[in-house]
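Read through the structure below, which is laid out as structure tokens, and then see the notes.
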């Protein structure tokens with residue numbers, strides 16, 4: 001005979017909760033929570049959540065998903081107290097937001113929400129957010145403050161005064177699929193341009209416009225600055241000098257406008273905001289490299305319109321081909337300057353890979369595009385350089401990818417000099 005324990009098994013502990021005004025307004029979140037956690041999750045109102053955190057059962061919570069929309073903004077103090085209480089109890093917070101104002105989102109993120117997912121939920125977005133929360137944190141390394149002060153020459157503010165005496169070339173870099181190496185390409189292209197001459201190097205900056213997962217600062221071992229949020233919040237009242245001083249320099253040669261310290265929605269900045277930022281950068285630098293987010297947003301058109309050349313990075317696979325086709329179609333449908341696109345094939349086939357070269361040729365022909373930049377596979381050295389916070393030129397100078405980017409930087413610099421000479 002089956003035992004009582006077998007007939008009435010212990011219920012699975014609740015490891016997560018949704019916290020909302022009415023979870024039925026977030027049906028996609030319900031589906032994703034069930035898919036991710038089965039029956040090991042619950043639902044609470046904002047008031048109930050504050051009371052539940054003081055109960056012993058709250059000790060099993062890994063995280064809460066705070067779901068809010070525009071109607072919840074009137075209850076922002078209550079929601080803020082929920083986020084703060086969860087943080088104080090060691091409970092991780094994922095913010096699921098539908099049409100909340102950027103200022104409200106930023107406030108909740110600053111209070112302790114560790115991740116942000118827009119609603120309606122993109123495919124797999126909640127799963128990815130949960131995986132990031134469960135990923136063990138990197139161990140803290142104790143350092144000597146005096147040694148740190150002398151070992152961080154990269155974290156120096158620009159020394160020049162913004163005079164607005166330049167007319168820079170704007171070169172956005174856009175990865176058309178995840179993992180195609182667009183940020184690595186942007187960082188290394190910026191560094192090669194900044195170091196192209198020992199005696200007459202151009203003034204170069206790189207701007208990270210991926211407000212959520214921008215990693216330019218990581219690849220150059222720089223901190224993300226709070227001033228970036230302040231500038232993006234009120235670009236109309238910012239002058240060029242304030243903009244330049246918000247940057248950090250890498251090895252006193254490359255100027256970096258990092259992504260914000262906190263994760264922000266991509267529509268946090270308006271098209272006018274981006275236009276002003278690019279205008280100030282163009283007036284004070286010879287070359288402006290812009291690392292774009294993967295998503296197409298309402299200000300992508302602004303960047304494309306200001307760009308001299310718009311690099312679109314792809315790989316030799318089906319997802320890149322489909323995304324490139326959709327990108328070109330979208331630009332043509334809106335009568336946008338699609339001719340500015342310069343397709344770059346990362347991890348391109350080698351010199352002796354005839355089969356790979358044939359595939360690349362068929363890819364270009366099927367999409368009716370021209371692949372103008374062929375970037376060889378840099379191998380593990382690329383990842384190692386990124387993890388060390390160094391450009392390839394500083395960590396693996398003989399890497400084939402570094403050599404190709406160096407060659408491209410020289411072509412861009414020579415063309416710019418020829419244009420300037422012609423103007424004079």
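Rule-based calculations on the coordinates, nothing more; no lab input. From a predicted model like this one, the values you see are computed outputs, not experimental measurements. Glycine also receives a Cβ, built like all others from the backbone with ideal geometry; neighbour counts cover every protein chain displayed.
Given their separation in residues at 0.36 nm each and the Cα-Cα distance between them, residue 45 and residue 27 gain 4.9 nm when the chain is fully extended.
Of all DSSP beta bridges confined to the chain, the antiparallel ones make up roughly 10%.
Principal axis extents of the Cα atoms in the chain, from largest to smallest and rounded to whole angstrom, are 88, 52, 48. As a rough guide to protection, the peptides 291-299, 162-170, 216-224 ranked by mean Cβ packing within 10 Å, highest first, stand as 216-224, 291-299, 162-170. Once Rg and the Kirkwood radius are both taken over the C-alpha atoms of segment 12-134, their ratio Rg/Rh works out to 0.92.
Note on segment 187-235: Rg/Rh from C-alpha atoms, Kirkwood Rh, equals 1.05. Of all beta bridges that DSSP places with both ends in segment 211-367, some 40 percent have antiparallel geometry. The stretch between residue 251 and residue 110 holds 47.7 nm of extra length on full extension. This uses 0.36 nm per residue minus the Cα-Cα distance. Each Cα pair of segment 197-270 feeds into the Kirkwood radius, which the Stokes-Einstein equation turns, at 20 °C and 1.002 mPa s, into a diffusion coefficient of 165 µm²/s.
To the nearest ten degrees, helix 400-423 and the longest principal axis of the Cα atoms of the chain are 60 degrees apart. Among 112, 42, 378, determine the one that fluctuates most according to a GNM of the chain built with springs between C-alpha atoms less than 10 Å apart. Maximum fluctuation in the GNM of the chain, among the listed residues, is at 42. Against the chain, whose longest principal axis comes from its Cα atoms, helix 318-333 is set at around 70 degrees. From the largest down, segment 143-287 spans 40, 36, 32 angstrom on the principal axes of its Cα atoms.
Computed from Cα positions, the angle between helix 354-367 and the longest principal axis of the chain comes to roughly 80 degrees. Debye calculation, C-alpha points only, no solvent: report log10 I(q)/I(0) for segment 360-424 at q = 0.24, 0.26 Å⁻¹, in the same order as the q values. After summing over all Cα pairs, the log10 values are -0.93, -0.99.
Pairwise Cα distances in segment 263-350 exceed 18 Å in 51 percent of cases.
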